[in-house]
Amino acid sequence: MTADGPTIALIVAAGQGARAGGDLPKQYARLGSKAVVAHSVDAFAMHPRIDSILIVIGAGQEVLLAQAVAGRDLPPPIIGGATRRESVRAGLDAIAAAGGAGRVLIHDAARPLLPAAVIDRLLAALEDHEGAVPALPVADTLARDDGILGETIARDALVRVQTPQAFRFPAIMTSHRNWNAADEATDDAQMARASGFAVTIVQGEPALEKITHPQDFVSAETRLAARATTRTAMGYDVHRLVAGETLWLCGIRIPHTHGLSGNSDADVALHALTDALLGTIGAGDIGMHFPPSDAQWRGASSDRFLQHAAGLIAQAGGIVDHVDVTIICEAPKIGPHRDAMRARIAALLRLDLGRVSVKATTTERLGFTGRGEGIAAQAVATVRILGDI
């Protein structure tokens with residue numbers, strides 16, 4: 001935050017997105033590992049100069065938004081109006097009621113692939129201007145459609161305007177208040193100009209293309225795939241076998257004379273897999289997230305640990321591609337339970353069964369596992385992480 005107030009990102013996600021097809025409004029549909037709107041939220045959240053994020057949604061979309069941005073610390077959404085202009089105004093009014101802002105970046109949720117460089121350019125432009133928009137030159141020949149091809153239009157001085165559009169907050173608030181509600185505006189820059197504020201242009205990005213039609217999802221997925229990197233990490237864990245405990249392995253209760261001892265349910269296989277997943281994003285180990293000294297995890301299901309790690313990967317823009325678990329013990333026999341174990345891990349991570357491998361081996365009666373004193377497990381996880389645009 002600077003002396004003249006915070007910088008707030010206002011994401012407009014109130015539309016119905018009918019032209020994009022599907023059962024959900026496009027802003028809540030999946031793109032890669034997360035919902036369309038979550039991409040914009042994460043782009044702003046990771047930028048050091050954005051102080052807070054406010055989302056405007058349509059009436060009745062509260063549950064959809066909560067599912068789309070689960071795990072993110074966001075203020076309650078604002079309910080928008082029947083038009084984009086009314087939705088933006090609702091967001092601006094909420095900001096004003098909360099004390100105002102120094103700058104606001106108004107962004108359409110349907111432009112999910114937001115580069116940090118665009119945010120940088122917009123904020124730099126606001127040092128000298130009341131407003132700034134990203135734009136791209138027009139490359140195609142333009143012509144009038146009169147039923148047949150009409151006259152061409154000079155494109156030299158034309159640009160394609162994108163979002164986010166950035167403004168000093170007092171300027172855009174004044175512009176909305178001055179606007180004739182009987183008219184509709186195509187964007188906020190138009191309204192600012194009508195109120196006499198100069199709006200400058202900064203370089204836009206092809207990645208910011210708007211998702212409007214079903215084929216636009218294909219293009220966006222292609223852009224995501226082109227910048228994905230693959231990461232692999234390993235996890236390892238050991239627990240002692242003791243009488244009187246229940247034995248859990250890979251989320252399945254296994255009949256046996258002994259169970260594993262630990263602060264949680266001591267599922268050594270899921271612990272190793274959790275560490276492997278955390279390793280792919282450099283997020284430490286299971287003990288950092290669920291300290292053994294914390295009584296709340298006593299007896300806890302290791303399912304929770306695994307899903308927590310998977311959630312962190314999703315928030316980082318990652319997709320789990322494959323997991324492989326090896327259980328090391330003399331007894332019990334793992335073979336009869338292997339299919340159930342694979343199915344349980346697949347369900348917890350929402351993976352196809354073919355992306356989950358569970359194996360078992362012994363140590364030929366050598367060492368603590370060979371003597372039946374404990375069970376060890378190792379795991380390897382492969383994850384695709386979407387890098388910066």
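Note on segment 264-353: dipole from Cβ charges, positive end direction compared against 318, 278, 343; the farthest Cα belongs to 343. Separation between the residue 294 and residue 357 pseudo-spin-labels, each 7 Å from Cα along Cα→Cβ, expressed in nm? Calculated label separation equals 3.3 nm. Does anyone have the angle between helix 338-349 and the longest principal axis of the chain? Alpha-carbon axes, 0 to 90°, nearest 10? Helix 338-349 sits roughly 30 degrees off the main axis of the chain. Beyond 15 Å, what share of the Cα-Cα pairs of segment 251-352 remains, rounded to the nearest whole percent? Roughly 63 percent, rounded to a whole number.
With a ≥ b ≥ c the root eigenvalues of the C-alpha gyration tensor of segment 1-158, is it rounded (a/c under 1.5), prolate (a/b larger than b/c) or oblate?
oblate
Model label points for residue 366 and residue 246, set 7 angstrom from Cα along the Cα-to-Cβ axis, are 3.6 nm apart. Taken along the Cα-to-beta-carbon direction at a fixed 7 Å, the label points for residue 46 and residue 343 span 3.7 nm. Listed by chain and number, the aspartates and glutamates placed with their C-alpha closer than 20 angstrom to that of residue 34 are 23, 42, 62, 73, 108, 209, 216, 221, 321, 352, 388; residues fewer than eight positions away on the same chain are left out.
Along the positive direction of the dipole of the chain (beta-carbon charges: Lys, Arg +1; Asp, Glu -1; about the Cα centre), which of 169, 366, 11 reaches farthest? Of the listed residues, the answer is 366. Size estimate for segment 173-331 follows the Kirkwood approach: the inverse of mean 1/r over distinct Cα pairs works out to 20.3 Å. If you take the beta carbon distance between residue 215 and residue 331 as r and set R0 to 56 Å, what does 1/(1 + (r/R0)^6) give as a FRET efficiency, to the nearest 0.05? The pair residue 215/residue 331 has a calculated efficiency of 0.50. Summing +1 for each Lys or Arg and -1 for each Asp or Glu among the other residues whose beta-carbon sits under 15 angstrom from that of residue 204 gives 0.
Loop-resident trypsin sites (Lys or Arg not before Pro) (DSSP state other than H, G, I, E or B) in segment 305-363 with no more than 15 further Cβ atoms inside 10 Å of their Cβ: 333, 350. With the gyration tensor restricted to C-alpha atoms of segment 77-158, the semi-axes of the equivalent ellipsoid amount to 33, 20, 12 Å, longest first. To the nearest ten degrees, helix 214-226 and the longest principal axis of the Cα atoms of the chain are 60 degrees apart.
With R₀ set to 35 Å, the beta-carbon distance separating residue 301 from residue 227 gives a calculated FRET efficiency near 0.45. For residue 358, the residues whose amide H sits under 5 Å from its own are 325, ignoring neighbours fewer than 5 places away on the same chain, with H placed 1.01 Å from N. Taking Cα atoms only, the orientation of helix 169-178 departs from the longest principal axis of the chain by about 60 degrees. Bridge orientation summary for the chain: considering DSSP beta bridges with both residues in this region, about 65 percent are antiparallel. With springs connecting C-alpha atoms under 10 Å apart, model the chain as a Gaussian network and identify which of 293, 40, 357 has the largest mean-square fluctuation. Comparing 293, 40, 357 in a Gaussian network model of the chain, the most mobile one is 293.
Dipole of segment 228-386 computed with +1 at Lys/Arg Cβ and -1 at Asp/Glu Cβ about the Cα centre; of 305, 241, 334, farthest Cα towards the positive end is 334.
Given 37 °C and 0.692 mPa s, compute D for segment 49-90 with the Stokes-Einstein relation, Rh being the Kirkwood radius over Cα pairs; round to the nearest whole µm²/s. Approximately 295 µm²/s, per Stokes-Einstein. Remark: segment 7-226 carries a charge dipole of roughly 300 debye about the Cα centre, counting +1 on each Lys and Arg Cβ and -1 on each Asp and Glu Cβ. Subtracting the Cα-Cα distance of residue 4 and residue 70 from 0.36 nm times their residue separation leaves 20.6 nm of extension gain.
Loop-located GluC sites (Glu not before Pro) in segment 99-169 (DSSP state other than H, G, I, E, B) with a sparse environment of at most 15 neighbouring Cβ atoms within 10 Å: 127. Note on the chain: GNM, Cα springs under 10 Å; of 272, 360, 295, the largest mean-square fluctuation is that of 295.
Under 25 °C and 0.890 mPa s, how fast does segment 169-225 diffuse according to Stokes-Einstein, given a Kirkwood radius computed over C-alpha pairs? Answer in µm²/s, whole number. Estimated via Stokes-Einstein, D reaches 177 µm²/s. Pairs of Cα atoms nearer than 8 Å and 6+ residues apart set the relative contact order; for the chain it is 15 percent. Here the chain is assigned +1 on the Cβ of each Lys and Arg and -1 on the Cβ of each Asp and Glu. Its dipole about the Cα centre then comes out at about 780 debye.
No value in this document is a laboratory result; all are computed from the given coordinates. For clarity, every value in this text was computed on a predicted model and none was experimentally measured. Note that we place each Cβ from the backbone using ideal geometry, even for glycine, and neighbour counts take in every protein chain shown.
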